[in-house]
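The values are calculated or read from the model by the stated rules, or taken from the named source; none is laboratory data. Nothing here was measured: the structure is a model prediction, and the numbers come from that model. When we count neighbours, we look across all protein chains shown, and the Cβ atoms used for this are built from the backbone with ideal geometry, even at glycine. Calculation scope for accessible area: heavy atoms of the full protein, side chains included, ligands and nucleic acids excluded. Shrake-Rupley method; radii C 1.70, N 1.55, O 1.52, S 1.80 Å.
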Amino acid sequence: MIRPILIHPDPRLKKVCDPVAEITSEIRRLAEDMLETMYDAPGIGLAAPQVGVTKRLIVMDCIKEGPPEPIVLVNPQVIWGSEELSTYEEGCLSIPDQYADVKRPAEVQVRWTDLEGQPQERQFAGLWATCVQHEIDHLDGKLFIDYLGPLKRQMITRKMEKLKRERARTG
Ligand code: NI
């Protein structure tokens, strides 16, 4: 089931999310819905708070061509980041049509729990590394525009407020 994606500014996007205590059928359904919502958007990553669930769960698939490679990360944690940084032009499904360069560690080691409740660990590089850091930021109430200067951030926020007013009007 496709769930509506919250648009910034929204208090649920600013919250530090709660850890997932147990993999229940509700969590499995949430992960499935988030993947469906992400592919439909389309996007390469989605965090639970973006669909209004303030729990520590993200989904990603950074494969642009070829068979899909969906991954679900429950309680993900960056346990190492490279000193080398890389810059990507980032966007966010909660901030439609706005893009800006963000600098982050080029490679990260991430630990998480999978939907079977098993611990997983993997090193991410390239677009995957940027995406996983962007999505984990969401779980701490942080958006990519928080890396920008205040003027740029305010400009984008005002555009989003206007977009939300327009959408509310047209339904
Ligand atoms: Ni995002």
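Computed over protein heavy atoms with a 1.4 Å probe, the carbon and sulfur contribution to the accessible area of the range 1-64 reaches 55%. Here Lys159 sits with roughly 100 square angstrom of accessible surface, probe radius 1.4 Å.
Calculate how many DSSP beta bridges within the range 13-85 are antiparallel, expressed in % of all such bridges and rounded to the nearest 5. Could you put the intermediate results ahead of the total?
Working: 7 of 8 bridges.
Counting DSSP beta bridges with both partners in the range 13-85, the antiparallel share is about 90 percent.
Taking every DSSP bridge with both residues inside the chain, close to 95 percent are antiparallel.
To the nearest 0.05, what FRET efficiency results for Arg158 and Leu85 with a Förster distance of 35 Å applied to their C-beta separation?
Working: r = 29 Å, r/R0 = 0.83.
The computed FRET efficiency comes out at 0.75.
Can you give me the solvent accessible area of Tyr88 with a 1.4 Å probe, rounded to the nearest 10 Å²? Rounded to the nearest 10, the figure is 80 Å². Rolling a 1.4 angstrom probe over the protein heavy atoms with all chains in place gives the range 11-170 an accessible area of 54 Å² per residue.
What does the extension gain come out to for Arg169 and Ser25, with contour length at 0.36 nm per residue minus their alpha carbon separation? Please report the intermediate quantities before stating the final value.
Details: separation 144, 0.36 × 144 = 51.84 nm, distance 3.64 nm.
Difference between extended and current length: 48.2 nm.
Working from label points 7 Å from Cα in the Cα-to-Cβ sense, the Leu151 to Leu115 distance is 4.7 nm.
Computed with a 1.4 Å probe on the full set of protein chains, the accessible area for Leu127 sits at about 40 Å².
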